[in-house]
Amino acid sequence: MLKLVLTRPAAHAAPGRTPAGASLGVLAAVLLLTAAAAVAQPAPQPRPAAPIAAPETPPAPAATPAPGAETRDLDQDIQSLKKDVVDLNKDLFMLEEELLFPANTQVAVFLSMDVGEFFALDSVQLKIDQKEVINYLYTPREVTALLKGGVQRLYLGNLKAGQHELVAFFSGKGPNDRPYTRGASIRFDKGVGAKYLELKIDDRQRKLQPEFEIKDWE
């Protein structure tokens with residue numbers, strides 16, 4: 001803290017004149033007052049710096065499904081699409097049969113077999129009204145399926161109403177592994193509705209030979 005000191009003029013100074021010491025004292029007092037005012041004035045405070053904005057955090061990337069989940073979903077879609085295609089094919093097949101073979105003219109021939117000891121089937125030939133309609137050659141896999149109880153739709157066609165004759169020829173290997181050919185025939189009446197016939201091959205134990213017959217499903 002600064003103190004202001006005033007110097008009084010000396011007593012022995014001559015009247016009417018200002019001593020030199022008084023002028024210096026006044027000047028010193030002015031300088032001291034100026035310095036005191038400068039000291040008393042508060043120092044300028046520094047302006048606060050503008051806050052620095054924090055960098056924006058980028059948004060987190062969207063979660064992506066695991067590759068395994070995408071594969072499973074794709075497999076399910078494929079399986080569902082396959083099932084739809086199979087169902088559509090079935091519907092189209094049934095529609096095609098209804099259009100090509102109406103019930104009022106339709107005739108179907110099925111084949112079943114219960115043999116194994118006396119006959120091994122190779123082929124079947126069908127004739128309707130002395131006209132060949134099919135000559136089917138069997139594979140070992142198809143014969144195995146028939147021996148397990150399978151039933152084959154051998155022929156599907158159209159016939160007008162009235163009397164007709166069906167003749168079937170069975171070829172294969174008979175007893176003692178020899179070539180064997182037998183035939184069977186039936187006369188049937190074709191009415192307004194669909195007609196179904198069955199060719200059956202059985203073992204006849206008493207005669208040790210196969211038996212061939214044709215059944216009419218009334």
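Each reported figure results from applying straightforward, stated rules to the coordinates on display, with no laboratory input. In this text the structure is predicted, and so the values were computed from the model without any measurement. Because the Cβ atoms are built from the backbone with ideal geometry, glycine has one as well, and the counts that use them run over all protein chains shown.
Couple of notes before you dig in:
- Shown for segment 102-217 is the translational diffusion coefficient from the Stokes-Einstein equation, using the Kirkwood radius over Cα pairs, a temperature of 20 °C and a viscosity of 1.002 mPa s: 146 µm²/s.
- A simple charge model with +1 on the Cβ of Lys and Arg, -1 on the Cβ of Asp and Glu and nothing else charged puts the dipole of segment 102-217 at about 120 debye relative to its Cα centre.
- Label reach from V133 (point 7 Å along Cα→C-beta): in segment 172-193, amide nitrogens under 16 Å belong to 184-193.
- Most positive-pole-ward Cα, L208, V192, F119, against dipole of segment 72-216 from beta carbon charges: L208
- Checked against a 19 Å cut-off, the cross-linked pairs K190/K215; K131/K190; K90/K127; K90/K215; K127/K195 give Cα-Cα distances beyond that limit for K90/K127; K90/K215.
- Summarising the amide proton neighbourhood of Q106: residues at separation of 5 or more, or on other chains, whose placed amide H is nearer than 5 Å comprise L159, K195.
- For segment 140-150, 3J(HN,Hα) computed residue by residue from phi via the Karplus equation (6.51, -1.76, 1.60; θ = phi - 60°) reads x, 5, 5, 5, 4, 5, 5, 5, 8, x, x Hz, glycine and proline entered as x.
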